[in-house]
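Chemist: I have a structure I would like to understand better, so I am pasting it below and will then ask my questions one at a time.
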Amino acid sequence: MTETPKVDVTRIVDDIRDDISRRRAAGDLTNEDIEWLLDRRLKKSLAKAEIDDRIAARLLHESHDWNIDTGYEIRTDRKDVSGVFIRALKFVVRPFVRLYTDHILKRQSQLNQAIWHVLLDSVEQSIALEMEVRKLRKDIQDLKERA
C-alpha cells in the first residue's frame, strides 16, 4: 500500500493569509472586505439618520419588509364600550379613508424602495472607486520606488 502524503493545513492557511495580505497591500480588497465596508458604511449612515434601531436592522436585512404596508390594522387599546364603538366606526369608515390614502402609501412605498436601492448602489460605487484609488496609489508608490 502506498502512503498518502500528509497535508500541512497550517502551512496552507498561512499561505492563504499571506496571499490576502499581499492583495490588500497592493490595494486589492477581498469580497469579504468589500461586504464588510458596505455593511459598515450603511450602519454608519443609518446611525446618523437616528432612526429606530428595529427599522435600521430591517433595512440591513435582505427582505423588504421594512417598507410601508397598506394593509394597516384597525385597533384600539380601549377595553370598554367606547373601544368597541371606535373599532366599529373605524371599520365602517375605513373603505372611504383608503380611497384617499392607499395610492399615497403605495407611491411612498415605491419611492422608499427606489431611494434605498439608489443608496445601496451609490455606496457600492463609492467602495469600488475607493478600491480603484487604492490600486492607483499603490501603482504610483511602486513607480516612485523604481525611479
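Please treat every number below as a calculation from the coordinates, not as lab data. Everything numeric here is computed off the predicted structure, so don't read it as measured data. Cβ coordinates were reconstructed from backbone atoms using ideal geometry, including for glycine residues, and neighbour counts include every protein chain displayed.
Chemist: From the C-alpha coordinates alone, can you work out the Kirkwood hydrodynamic radius of the chain, in Å?
Modeler: 21.1
Chemist: Then there's this: Which aspartates and glutamates does Lys44 reach when only Cα atoms under 15 Å apart count, and residues fewer than 8 places away in its own chain are ignored?
Modeler: Straight-distance partners of Lys44: Glu35, Asp52, Asp53, Glu124.
Chemist: If you take the beta carbon distance between Glu62 and Val13 as r and set R0 to 35 Å, what does 1/(1 + (r/R0)^6) give as a FRET efficiency, to the nearest 0.05?
Modeler: Using R0 = 35 Å, I get an efficiency of 0.70.
Chemist: Related question: Taking the Cβ-Cβ separation of Thr101 and Glu35 as r and a Förster radius of 41 Å, what is the calculated FRET efficiency to the nearest 0.05?
Modeler: 0.60
Chemist: Put +1 on the Cβ of every Lys and Arg and -1 on every Asp and Glu Cβ in region 9-146; which of Leu59, Ser109, Ser126 then has its Cα farthest towards the positive end of the dipole?
Modeler: Of the options given, the answer is Ser109.
Chemist: Assigning unit charges at the beta carbon (Lys, Arg +1; Asp, Glu -1) and nothing else, what dipole magnitude in debye, to the nearest 20, does region 1-53 show about its Cα centre?
Modeler: 240
Chemist: Could you pull out every one of the lysines with an alpha carbon less than 25 Å from that of Lys106, ignoring same-chain neighbours closer than 8 positions?
Modeler: Lys90
Chemist: Can I ask one more? Rounded to the nearest 500, what is the 222 nm mean residue ellipticity of the chain from helices alone, with -39500 (n - 2.57) per DSSP H run of 4+ residues and division by all residues?
Modeler: -27000 deg cm²/dmol
Chemist: Additional query: Once you put a point 7 Å from the Cα of Arg78 and another 7 Å from the Cα of His117, both along the Cβ direction, what distance in nm separates them?
Modeler: Computed distance between label sites Arg78 and His117 equals 4.3 nm.
Chemist: Rounded to the nearest 0.05, what FRET efficiency do Ile55 and Leu129 have when you use their Cβ-Cβ distance and R0 = 41 Å?
Modeler: 0.90
Chemist: Right, here's the next one. With +1 on each Lys and Arg Cβ and -1 on each Asp and Glu Cβ, how big is the dipole of the chain about its Cα centre, in debye rounded to the nearest 20?
Modeler: Value, rounded to 20: 840 debye.
Chemist: Also, quick follow-up: Find, among the GluC sites (Glu not before Pro) in region 32-117, those assigned to loop by DSSP (not H, G, I, E, B) with at most 15 other beta-carbon atoms within 10 angstrom.
Modeler: Glu50, Glu62, Glu73
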